[in-house]
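Accompanying notes for the structure given below.
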Amino acid sequence: MRALLYVQNDGTLLVQSDHPHYEALRPRLLAFAELAQRMDPIHIYRIRPISLWQAASLGSTAREILTFLRDHAAHPVPYDLQRTIAQEVAKWGRLTLHQGARERIVLRGDPESLAAARVVPEVAAITAADRSDGLVFRAAHRARVKRALASAGLPVMDHVGYQAASALSFSLREETRLRGYQEEAVRRFLRQGGEQSGVIVLPCGAGKTLVGIAVIQALGWHALVLTPSETAARQWQREFLDRTDVRPEDVSLYRPGHPVTPVTITTYQRVAAQDRRGRRRHLESLTTHPWGIVVYDEVHMLPAPLFRLAADLQGARRLGLTATLVREDGAEADVFSLIGPKCYEVPWKQLEEAGYLAAVRCVELHVPLPAAEQGRYLSAGIREQHRIAAANPAKRGVVEALLKQHAGESVLILGHYVEPLRALADALGCPLVTGTTPQPERERWFEAFRTGRIRRIALSRIANTAVDLPCASVAIQVSGLFGSRQEEAQRLGRLLRPQTREGVFYTLVSKGTVEARTAKHRQLYLVEQGYTYRVYDSHEYLPEGVDEDEAVGVPEHR
DNA sequence: CAAAAGTACC
DNA sequence: AGATCGTACTTTTG
């Protein structure tokens with residue numbers, strides 16, 4: 001049989017995506033490599049140190065990884081790469097951080113690793129003492145030490161332990177049932193008596209909030225929950241009240257000046273905020289409370305320069321939750337070092353197959369750029385090119401045709417640039433909701449959409465997180481935030497609430513422009529998760545003047 | 001409601 | 001290869 005993959009010296013894997021065993025073997029591949037590019041039928045994966053540490057933390061050995069490569073590669077694995085893999089996997093656990101005397105922590109390890117750690121400038125700058133048995137730091141530098149070492153290629157296993165926490169007792173309500181994978185997620189996080197901190201990755205709509213609540217309940221300590229927005233914070237609060245018997249007065253949104261409650265919910269923004277004097281008072285007051293656990297909702301946002309201050313709460317167990325542990329700046333490694341390794345993940349498609357999430361089909365439609373735009377496009381700089389491609393006026397006709405085809409279904413129209421999106425919404429006569437739409441007005445539109453009173457709604461980037469519109473079964477993406485895999489995944493995520501009918505996720509791409517490349521890149525995370533994109537020219541998918549049923553390439557209307 | 005602060009991407 | 005800049009967006013605050 002044909003080989004599944006070709007291994008290159010630099011850790012790049014060329015994988016035959018049409019190989020009969022590809023689907024079955026993909027999870028094992030993803031355990032230590034990341035999908036970097038698609039040139040069908042070749043999928044290009046990259047082995048990165050962070051993925052090897054991650055694999056090691058989940059118990060993989062270098063031998064297993066190398067055996068997998070030997071079994072499926074066309075040629076022998078290059079010796080240098082074999083050595084790199086063995087080295088990187090072995091790094092996990094070589095450096096460990098321990099509690100020292102009096103507010104000190106100690107970095108221990110073999111002499112070689114310690115020597116490497118010693119010369120990392122940011123580490124040297126905060127080393128309190130350099131002893132033969134290890135490097136000593138102030139406990140307050142716990143996050144900084146781990147982050148600096150990880151970015152220098154030295155992952156640290158954190159054995160410092162946690163502060164004494166206040167107890168909190170409540171139960172899940174009788175009728176609150178955890179699904180199998182949710183229970184498994186909780187179990188994995190709590191293994192070793194909950195000593196480990198880490199990240200749980202579950203698709204949008206899979207019930208991450210409930211997993212977080214179940215973890216808090218099982219641990220029985222005071223909990224701080226950090227979310228990306230006030231809206232998300234309120235959703236957590238509501239979920240706590242709906243799903244558990246926790247006393248309502250024990251759960252609150254953080255209010256500066258008011259005493260914190262056993263479960264306190266607030267946003268990354270607020271934690272990071274500083275007052276006029278430059279003091280981060282919220283962070284200070286939240287840090288002093290004896291939390292037993294801090295939950296980081298949408299933890300992929302944590303690496304932002306100020307949001308990551310929220311990771312200074314190292315005295316508590318840390319649980320990160322996200323659907324999309326990817327960033328275009330590669331800062332996922334910060335999540336690994338500041339929160340902990342990924343301890344549980346379920347591929348999106350797997351939950352679809354199990355019937356927990358709606359089935360979604362992905363379609364990429366190429367729309368020609370009209371001649372007038374074509375001229376401007378060719379003489380524009382790269383930024384302007386993105387904008388012109390995104391605002392392609394020919395997309396409007398395609399959107400109209402798709403709306404006709406999906407008459408009677410609830411459709412989201414998603415865009416990045418607000419002005420072109422506004423023009424489109426006006427032309428279609430549908431409401432537009434953006435970040436500047438006042439909260440009450442947002443709620444009114446969302447409610448109208450949920451109840452089916454309106455069937456279409458145009459959304460800017462606010463749709464990327466925490467917008468709950470469960471009835472949507474079709475999304476038309478008219479433009480996106482460049483090559484953001486994160487955004488693509490979150491947007492498809494809007495369609496995953498269980499539906500009776502299959503969802504469709506359309507992406508409109510200006511033909512022959514930079515958009516074609518960015519669109520391909522955006523899709524990589526979802527392709528990793530098992531989704532397939534069908535690509536058509538818009539006229540081929542929606543031929544003018546031809547009845548839909550006769551159109552070539554149009555899947556049967558259901 | 002406008003200004004300020006923050007994020008993500010190229 | 002890594003860093004910086006510029007643009008468009010969101011949330012929070014006064």
Meets criteria (modelled with pLDDT of 95 or more, part of a helix (DSSP H, G or I), among the β-branched types (Val, Ile, Thr) and buried (at least 21 other Cβ atoms within 10 Å of the Cβ)) for residue A:85: yes
Residue count, segment A:42-71 (criterion: in a helix (DSSP H, G or I) and either touching a His at 6+ places or on another chain (Cβ under 8 Å) or of a type in the set (Gly, Ala, Ser) (or both)): 5
Index of the failed condition, residue A:512 passing every other in (1) touching a residue at least 40 places away in the same chain (Cβ under 8 Å); (2) buried (at least 19 other Cβ atoms within 10 Å of the Cβ): (2)
Checklist (1) within 16 Å of DNA strand C (Cβ to nearest atom); (2) acidic (Asp, Glu); (3) open to solvent by less than 40 Å² (accessible area, probe 1.4 Å) applied to residue A:443, failing item: (3)
Scan of segment A:458-469 for residues that are within 13 Å of DNA strand C (Cβ to nearest atom) and either closer than 22 Å to residue A:395 by Cβ or among the hydrophobic types (A, V, I, L, M, F, W, C) (or both), ordered by number: A:458, A:459, A:460, A:461, A:462, A:463, A:464, A:466, A:467
Extreme residue, farthest from DNA strand C (Cβ to nearest atom), among residues of segment A:388-403 that are in contact (Cβ under 8 Å) with a residue 12 or more places away in the chain and either surrounded by fewer than 17 Cβ atoms within 10 Å (Cβ to Cβ) or of a type in the set (Phe, Trp, Tyr) (or both): A:400
Members of segment A:309-331 found to be surrounded by fewer than 22 Cβ atoms within 10 Å (Cβ to Cβ) and within 16 Å of DNA strand C (Cβ to nearest atom), listed by number: A:309, A:327, A:328, A:329, A:330, A:331
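Listed here are the residues, each with its yes/no results for (1) within 16 Å of DNA strand C (Cβ to nearest atom); (2) over 30 Å from the mean Cα position of the chain (by Cα); (3) open to solvent by 40 Å² or more (accessible area, probe 1.4 Å); (4) in contact (Cβ under 8 Å) with a residue 12 or more places away in the chain.
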site	(1), (2), (3), (4)
A:365	no, no, no, yes
A:368	no, yes, yes, yes
A:371	no, yes, yes, no
A:377	yes, yes, no, yes
A:381	yes, yes, yes, no
A:385	yes, no, no, yes
Residue check, residue A:454 open to solvent by 10 Å² or more (accessible area, probe 1.4 Å) and within 16 Å of DNA strand C (Cβ to nearest atom): no
Selected residue [at pLDDT 90 or above, in contact with a strand residue (DSSP E or B) (Cβ under 7 Å, 6 or more places away or on another chain) and closer than 27 Å to residue A:525 by Cβ] from A:428, A:412: A:412
Any chance residue A:361 is outside the structural domain of residue A:312 (by TED's automatic domain parsing), open to solvent by 40 Å² or more (accessible area, probe 1.4 Å) and either within 26 Å of residue A:59 (Cβ to Cβ) or at pLDDT 95 or above (or both): yes
Residue check, residue A:506 within 29 Å of residue A:298 (Cβ to Cβ), open to solvent by less than 70 Å² (accessible area, probe 1.4 Å), modelled with pLDDT of 95 or more and part of a helix (DSSP H, G or I): no
Test result for residue A:340, away from DNA strand C (no atom under 16 Å from the Cβ) and assigned by TED's automatic domain parsing to the domain that holds residue A:222: yes
In segment A:241-282, residue surrounded by the fewest Cβ atoms within 10 Å (Cβ to Cβ) [restricted to those that are within 18 Å of residue A:307 (Cβ to Cβ) and touching an Asp or Glu at 6+ places or on another chain (Cβ under 7 Å)]: A:281
First in segment A:329-340 and modelled with pLDDT of 95 or more, second anywhere and within 13 Å of DNA strand B (Cβ to nearest atom) and open to solvent by 20 Å² or more (accessible area, probe 1.4 Å), Cβ under 8 Å, 6 or more apart: A:334/A:308; A:335/A:325; A:338/A:308
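The values are calculated or read from the model by the stated rules, or taken from the named source; none is laboratory data. Keep in mind the model is a prediction, meaning the values are calculated, not measured. Positions of Cβ are generated from backbone atoms using ideal geometry, with glycine treated the same way; all protein chains shown enter the neighbour counts. Areas reflect the complete protein model, heavy atoms only, side chains present, ligands, DNA and RNA absent. Shrake-Rupley method; radii C 1.70, N 1.55, O 1.52, S 1.80 Å.
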